[in-house]
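The structure appears right after this line, and notes come after that.
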Amino acid sequence: MAEAPRLAMSRLEAVRLLRRDPIGLLERAADLGDVVRVRVPRLDLFVINHPDLVWDVLATDSRAFSKGPTMQAAKRVLGESLLTSEGEYHRRQRRLIQPLFRNERIVGFAPTIRELGERAGNRWVDREVIDVREEMARLTLGIVARTLFGSGIDEAETVRIAGALTDVLDQFDRVFSPLLPITERLPIPSTRRFRRAREVFDETVYGLIAERRASSADGDDLLSRLIRAQDLGPGMTDQQVRDEAVTIFLAGHETTSNALTWTWLLLSEHPDVEARFHERLDDEAFVRAALHEAMRLYPPAWAIGRRALSEHVADGVRIPAGAVVIVSPWLLHHDPRWWADPVSFRPERWIDDGEAARRHAYLPFGGGPRMCIGEGFAELEASVLLSTIGRTWRFEHDPAHRVELQPVVTLRPRNGMPMRAHCAPRGTSDPLDPKDPPGSETLSEHVPRPTSDGR
Ligand code: HEM
């Protein structure tokens, strides 16, 4: 059996790079082949980067893998939920919850999404610089709060939940620290804050669950639907409902807000596409194409981890049980083998080109039995927000602000995304509109290391 090529660097260097520039590390690995071994202390890591081999891991042989160490650590916040659980438990939860996310059940959320999008837009002032990342985060948080908990909760409670959740979110990266088992026991301020935030959040969610259980009304919010979800056996316990609700809250918020932020950035960098976007706001296919193209270039879930439960063979290479496998939508989406002119932002490729060629080379929502359950919800939410906001606003990126990637759990822009809001969409009278706007054509100036063509 073949040996995987190894990234030629010391374990210490690999750890440093993994912390400082994990996407750079993945790209260096991918330059060596489709199955590459990276030695890091306490971790036997394999990077797999071919659509067919990736599909084996996520789908065909999915039962031979568990979630990676990140998701195992996330149990501290999320408990046993769809995102973190394994095996039969996961399959039952998925069966129970999947019907809640069917298209015909989620389209009913569109008016709420539109209303909250319009309300956000009403707060902005023409030509003022806003942090688009922060605005999109606040908006998607509000939307997940409303769709999950319904309009029944009052403003004060929404603020309380959002505050507690933000505190939990702020601490989320800490959850993945190898020092957590130690710091968690110390009565240091950050630990106290974390515990307190979790308590406030749990208290509120358990309170809402108790209210729903006591009420005879058939609420249409996701929490009520989770409580009612049943297959052959009994429904979920309060704790299971809590774990799923917290997971949906977390998983459904930051990913979508990042997808929106990157879409606004790309539109502002490509005035020709931006103009077509504003002309074709009623054309759902075009709006979705712009979103798909933005998620191709900036996949919010940039890496997906798994742990091999037994030996796995990928392209003739032996991957031992216990090894961690990373598959990366970032790598697949920028690979010139699957995409013509991979770094250019061209929504039309989603309309003009056939789908077949990119089989499994486009995986913003993952694949197989652990594929994102919220895909339909996220696409509905993002496309409704893009067209609602796009009717009144466009955003101009300040070229002096350097866009940097911050690949944490999701792919965020480091230091936010300051952009100037313009009330009139391009094409209507907007005196400050530069005649010949800068920032054309390709992404390359923003992508720290564009994929090399030589692969
Ligand atoms: C643009 C937005 C989104 C992106 C890019 C995204 C991406 C992903 C990916 C890649 C996975 C698979 C992870 C893995 O295989 O380890 C996943 C799983 C999941 N996502 Fe999303 N997601 C998005 C929005 C949402 C929304 C809106 C919700 C809920 C309302 C959601 C809920 C979940 C849940 C519960 C799982 C776990 C599914 C399971 O393992 O059965 N996501 N997401």
Restricting the range 28-76 to residues that are closer than 24 Å to residue 338 by Cα and of a type in the set (Lys, Arg), the residue that is nearest to the ligand (Cβ to nearest atom): 37
Can you find, within the range 356-391, the residue that is nearest to the chain's Cα centre (by Cα) among those that are farther than 17 Å from residue 290 by Cβ and more than 16 Å from the ligand (Cβ to nearest atom)? 359
Failed condition for residue 371, given (1) at pLDDT 95 or above; (2) surrounded by fewer than 20 Cβ atoms within 10 Å (Cβ to Cβ); (3) over 19 Å from residue 255 (Cα atoms); (4) among the aliphatic types (A, V, I, L, M), with all others met? (3)
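Please work out if residue 198 is under 23 Å from the mean Cα position of the chain (by Cα), away from the ligand (no atom under 16 Å from the Cβ), surrounded by fewer than 21 Cβ atoms within 10 Å (Cβ to Cβ) and assigned to a helix (DSSP H, G or I). Give the derivation first.
Details: under 23 Å from the mean Cα position of the chain (by Cα): yes; away from the ligand (no atom under 16 Å from the Cβ): yes; surrounded by fewer than 21 Cβ atoms within 10 Å (Cβ to Cβ): yes; assigned to a helix (DSSP H, G or I): yes.
Considered against the rule, which asks whether it is under 23 Å from the mean Cα position of the chain (by Cα), away from the ligand (no atom under 16 Å from the Cβ), surrounded by fewer than 21 Cβ atoms within 10 Å (Cβ to Cβ) and assigned to a helix (DSSP H, G or I), residue 198 comes out as yes.
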So which residues in the range 91-101 are near the ligand (Cβ under 8 Å from one of its atoms) and among the hydrophobic types (A, V, I, L, M, F, W, C), if there are any at all? 97, 101
Taking the criterion of being surrounded by 23 or more Cβ atoms within 10 Å (Cβ to Cβ) and closer than 19 Å to residue 420 by Cβ, would at least one residue in the range 278-298 satisfy it? no
Return the pairs, sorted by first residue and then second, in which the second residue is exposed (fewer than 13 other Cβ atoms within 10 Å of the Cβ) and modelled with pLDDT under 95, the first residue lies in the range 230-246 and is more than 17 Å from residue 200 (Cα to Cα), the beta carbons are less than 7 Å apart, and the residues are 6+ apart or on different chains. 231/95
Suppose the filter is among the small types (Gly, Ala, Ser) and in contact with a Gly (Cβ under 8 Å, 6 or more places away or on another chain); does residue 10 pass it? no
Which residues, taken from the range 346-369, are under 21 Å from residue 258 (Cα atoms) and touching a Lys or Arg at 6+ places or on another chain (Cβ under 9 Å)? 347, 350, 361, 362, 364
How many of the residues in the range 274-301 are within 16 Å of residue 393 (Cβ to Cβ) and part of a helix (DSSP H, G or I)? 7
Looking only at the range 111-141, which residues are within 14 Å of the ligand (Cβ to nearest atom) and within 19 Å of residue 224 (Cβ to Cβ)? 112, 113
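Among the residues in the range 290-302, are any over 22 Å from the mean Cα position of the chain (by Cα) and closer than 27 Å to residue 351 by Cα?
Pass one, the range 290-302, residues over 22 Å from the mean Cα position of the chain (by Cα): none.
No, the range 290-302 contains no residue that is over 22 Å from the mean Cα position of the chain (by Cα) and closer than 27 Å to residue 351 by Cα.
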Residues satisfying the stated conditions in the range 10-46, i.e. more than 23 Å from the chain's Cα centre (by Cα), surrounded by 16 or more Cβ atoms within 10 Å (Cβ to Cβ) and in a loop (DSSP other than H, G, I, E, B): 33, 34
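Kindly provide the set of residues from the range 302-324 that are in a loop (DSSP other than H, G, I, E, B) and within 13 Å of the ligand (Cβ to nearest atom), ordered by number.
Residues of the range 302-324 in a loop (DSSP other than H, G, I, E, B): 302-303, 309-311, 315-316, 320-323.
Selection gives 302, 303.
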Take the range 77-90 and flag every residue that is over 17 Å from residue 227 (Cβ atoms) and within 9 Å of the ligand (Cβ to nearest atom). 83, 84, 85, 90
Pick out the one residue from 310, 344 that is more than 15 Å from residue 61 (Cα to Cα), surrounded by fewer than 21 Cβ atoms within 10 Å (Cβ to Cβ) and touching a residue at least 24 places away in the same chain (Cβ under 8 Å). 344
Hey, can you tell me all the residues within the range 1-52 that are more than 23 Å from residue 314 (Cα to Cα) and in contact (Cβ under 8 Å) with a residue 40 or more places away in the chain? 21
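The values are calculated or read from the model by the stated rules, or taken from the named source; none is laboratory data. As the structure is a prediction and not an experimental result, all values here were calculated from the model. Positions of Cβ are backbone-derived with ideal geometry, glycine not excepted, and every protein chain shown enters the neighbour counts.
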